[in-house]
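Everything on this sheet refers to the single structure shown next.
The values are calculated or read from the model by the stated rules, or taken from the named source; none is laboratory data. All values derive from a computational prediction rather than experimental measurement. When we count neighbours, we look across all protein chains shown, and the Cβ atoms used for this are built from the backbone with ideal geometry, even at glycine. These area figures cover heavy atoms from the full protein model, side chains too; ligands, DNA and RNA do not enter into them. Shrake-Rupley method; radii C 1.70, N 1.55, O 1.52, S 1.80 Å.
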Amino acid sequence: MSGFVLRLAGPLQSWGERSAFTHRDSAPFPTRSALIGMFAAAEGRPRGSSLLPYADLQFTIRVDRPGQRLVDYHTVGGGYPDHLTAATSGGKHKGAAVITHRHYLADAVFTVAITGPEKTLTRVTEALARPHWAPFLGRRSCIPDEPLLLRSQVSDPVAELLHKVPLSAPEPTRRPLQPVQPDTVAVDFVWEKPRQTWPADAVQITLHDTPVSFAPHDRSHGKRTVHRTVEHLPARLLDLRTPLHEQLVTYATQEETVA
């Protein structure tokens, strides 16, 4: 199935799944809710608009670099008069600073294959190229590196992840990607598309990240199941001699035309 390829990289990312105001968590990879939210924002859709146009999209995530977890100690409303402190659900004010802990992934890199109906794919990729609201990596303060949209139209984006898209080098503090077979490297993948059978080491994960509504006062999400596997990719995708940005630009500009 045809689709497009995104690369999600930046100094910080945060993919909240079960966040409360005082404890903003992050999933270890981009959530379906965040990705659909990015597309809807790029198209300029109001928060209360229907999300049905994105229901048939499927995501496959390659975890190029999982990143380092970072927790930010954050305060809201400290040092202000009572009437300027954070509001409560009852319409009053807390009268003191609110302490929050916000989780981030530092220096993470994910490459995502998106498949779905051609009309939806075209609309989304055109919006990402000229977004109404700028894309961000889970939170507005998390700005993506370029290029974000690696390929806008490919015949098999999952095959691109497996065989063609350059890999990012691991963080210096982590062990380098190790060959497990001649001329291959082991890389984690997160699969949304179901299979008849899964490898013995596949991990099934249940997530509460399928958006039903982004309406400000009626946000709701449903569950989905994904599988995490380890795939053996060609070692040539991890080229440490050529600057990564140069590799990405070369890949992105070699646009494929879908027959």
Original post:
How many residues does the stretch 126-142 contain that are buried (at least 20 other Cβ atoms within 10 Å of the Cβ) and in a helix (DSSP H, G or I)?
Top reply: 1
Original post:
Restricting the search to the stretch 209-255, which residues are part of a strand (DSSP E or B), open to solvent by 60 Å² or more (accessible area, probe 1.4 Å) and under 24 Å from residue 46 (Cα atoms)?
Top reply: 212, 223
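Restricting to the stretch 86-117, what's the tally of residues that are under 14 Å from residue 151 (Cα atoms) and of a type outside the set (Ser, Thr, Tyr)?
Step one: of the stretch 86-117, the residues under 14 Å from residue 151 (Cα atoms) are 111-115.
Next, from what is left, pick out any that are of a type outside the set (Ser, Thr, Tyr): 112-114.
Of the residues in the stretch 86-117, 3 are under 14 Å from residue 151 (Cα atoms) and of a type outside the set (Ser, Thr, Tyr).
Report yes if residue 163 is open to solvent by 90 Å² or more (accessible area, probe 1.4 Å) and either at pLDDT below 95 or under 15 Å from residue 64 (Cα atoms) (or both), otherwise no. Don't jump to the end; show me each part of the working.
Working: open to solvent by 90 Å² or more (accessible area, probe 1.4 Å): yes; either at pLDDT below 95 or under 15 Å from residue 64 (Cα atoms) (or both): yes.
Against the criterion (open to solvent by 90 Å² or more (accessible area, probe 1.4 Å) and either at pLDDT below 95 or under 15 Å from residue 64 (Cα atoms) (or both)), residue 163 qualifies.
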**OP:** Determine which single condition residue 209 fails, assuming it passes every other condition in (1) at pLDDT below 95; (2) in contact with a helix residue (DSSP H, G or I) (Cβ under 8 Å, 6 or more places away or on another chain); (3) under 23 Å from residue 118 (Cα atoms).
**Re:** (3)
**OP:** Name the single residue, out of those in the stretch 33-67 being within 17 Å of residue 120 (Cβ to Cβ) and touching a Gly at 6+ places or on another chain (Cβ under 6 Å), that is most open to solvent (accessible area, probe 1.4 Å).
**Re:** 56
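Quick check, is residue 123 touching a residue at least 60 places away in the same chain (Cβ under 8 Å), touching a helix residue (DSSP H, G or I) at 6+ places or on another chain (Cβ under 8 Å) and over 28 Å from residue 236 (Cβ atoms)? So that I can check it myself, show each step before the final result.
Values: touching a residue at least 60 places away in the same chain (Cβ under 8 Å): yes; touching a helix residue (DSSP H, G or I) at 6+ places or on another chain (Cβ under 8 Å): yes; over 28 Å from residue 236 (Cβ atoms): yes.
Answer is yes for this residue.
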Original post:
For the stretch 101-119, how many residues meet the condition of being touching a Phe, Trp or Tyr at 6+ places or on another chain (Cβ under 7 Å) and open to solvent by 10 Å² or more (accessible area, probe 1.4 Å)?
Top reply: 1
Original post:
What number of residues within the stretch 20-77 are part of a helix (DSSP H, G or I), charged (D, E, K, R) and closer than 20 Å to residue 226 by Cα?
Top reply: 1
